[in-house]
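The values are calculated or read from the model by the stated rules, or taken from the named source; none is laboratory data. What you see is a predicted model, and the numbers here were worked out from it, not measured in a lab. A quick note on method: Cβ atoms are made from the backbone with ideal geometry, for glycine too, and the neighbour counts reach across all protein chains shown. Ligands, DNA and RNA are excluded from the accessible area calculation, which covers all protein heavy atoms including side chains. Shrake-Rupley method; radii C 1.70, N 1.55, O 1.52, S 1.80 Å.
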Amino acid sequence: MIKAIIVDDESNAIEGLLWELSKFSYKVQVVTTFTDPELALEYLKEAQIDCVFLDIEMPIMDGFTFLEKVPNRSFSVVITTAYNEYALKALKKEAIDYLLKPIDSDDLKVAIHKIEKQVTELYSLESFEIMLLKFNNRQSRKKITISTDGKLVFLEPDDIFYVESDGNYCTIYCKNQKKLVVTKKLKSFCEILPDEQFFRIHNSYIVNLNKVKEFIKVDGYIVLENNAKIPVSRQRKTDLLRKL
C-alpha cells in the first residue's frame, strides 16, 4: 500500500484528486492533506511516506521551493499543475511524474504504477543498506557508515573532527574540509561514534577528543586542529576535562 499526502493550496483541487485516488484505494492510502506547504514540511520531518502529490502554483510557497527545502527525499514526488510548461522543470526536480489538472484517471493510473515501481526499488535498496549498516557498524569494524545524498559513505573515526546539529539535520566536518549533511538527529551519532574518542560537549556538538588543540576556559570553547571553535556547555566542562 502506497502512503501518500497531498499538498495543494486549493481545497477543491484536493477534493478532486482524493476522488480520483479513491478509484485506486486498494493501492494508495492518502494519510493526510495540506493547503499550507509550511505545515506539510513540518509533517515530513517526522513522517514516513511513499509519495507527495504536490501542486506547483501556491501563493505561500511554490512547489519548486518546497522541494528545495527537502533536499534528501525518501519519497516519490508527483507534480500536479494546470500549466503544461512546468512539466520539464518538474522532471528536472526529480519528480517521478506530473499530472495536468483536471486530472485524468488514465494518467493517474500510470503515475501510480511508477510510484509502485520506485517504492519497490527503494525497499530493496533499504534492506541492503540496513544489512550493510549492521555489518559495518559492528564493534569489530573500525569505519563509521553514513547514509547521505543517496549513497553510503564509510568514514574512519579519525577523519571526523566534529558533528554539528541543526534540528533534524546534522553536518559532519571531516579532514580536508569535507562536509557531509545527514538527515539524522545528533543523538543517533552518540550511539554509533566510539565513546572513548567522541564526546558531546554541547546540545548541538559532538567532537573528536583526539582533535582538541586548546581549551579556552574564560570564554568556554575548545579549538580543534582544523581551527574550528566549538562552544562547551557549562554543565559539561568538568566531564570534558576528565575525558581530556
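Counting just the residues of the stretch 108-132 that are at pLDDT 90 or above and surrounded by 15 or more Cβ atoms within 10 Å (Cβ to Cβ), which one comes out farthest from Arg73 (Cα to Cα)?
That would be Leu108.
Tell me which residues, restricted to the stretch 7-47, are farther than 20 Å from Thr65 by Cβ and crowded, with 20+ Cβ neighbours inside 10 Å.
Leu17, Leu21, Val28
What are the pairs, 6+ residues apart or on separate chains, where a residue within the stretch 23-47 that is under 18 Å from Glu10 (Cα atoms) has its Cβ under 6 Å from a residue that is assigned to a loop (DSSP other than H, G, I, E, B)?
Taking only residues 6 or more apart or on different chains, the pairs are Thr35/Asp9; Pro37/Met58; Pro37/Ile60; Pro37/Met61; Leu41/Lys69.
Within the stretch 173-192, which residues are free of Cβ contacts under 8 Å to residues at least 24 places away in the same chain and open to solvent by 20 Å² or more (accessible area, probe 1.4 Å)?
Answer for the stretch 173-192, where residues must be free of Cβ contacts under 8 Å to residues at least 24 places away in the same chain and open to solvent by 20 Å² or more (accessible area, probe 1.4 Å): Asn176, Lys178, Lys179, Lys184, Lys185, Lys187, Ser188, Cys190, Glu191.
Can you find a residue that is in a strand (DSSP E or B) and either over 28 Å from Val181 (Cβ atoms) or within 20 Å of the chain's Cα centre (by Cα) (or both) anywhere in the stretch 10-26?
No; the residues of the stretch 10-26 include none that is in a strand (DSSP E or B) and either over 28 Å from Val181 (Cβ atoms) or within 20 Å of the chain's Cα centre (by Cα) (or both).
Give the residue, chosen from Asp166, Asp149, Asp195, Asp159, that is surrounded by 14 or more Cβ atoms within 10 Å (Cβ to Cβ) and among the acidic types (Asp, Glu).
Answer to the check: Asp159.
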